[in-house]
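Scroll down for the structure; my scribbles are underneath it.
The values are calculated or read from the model by the stated rules, or taken from the named source; none is laboratory data. In this text the structure is predicted, and so the values were computed from the model without any measurement.
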Amino acid sequence: MKKAAQTALLTLAILMALTATAFAGDAGQGWYGEIDDKIVTFFGLGLVILFPLVAAIGSYIQGRLERRADERKSAIFKHK
């Protein structure tokens, strides 16, 4: 167990060290290019819309699956 923890920490340290140099190219600009306040605002707004939307869709899907499971259970117990 101790060896696994040491290996995990070493792997994490190496990944963190390499990630910093990977993002340092192009004078600090990322793959999108120069970022201004408008882009950051719209990205944040997108996140604010995306997370509740994903939660609502997931809840809807889970509700449908639960309803199907309940119908299947009631059909099984009805025949017994």
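Tabulated data for the structure shown
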quantity	calculated
Meets criteria (modelled with pLDDT of 80 or more and outside any helix (DSSP H, G or I)) for Glu34	yes
Residues satisfying the stated conditions in segment 1-31, i.e. at pLDDT below 80 and among the aliphatic types (A, V, I, L, M)	Leu18, Ala20, Ala22, Ala24, Ala27
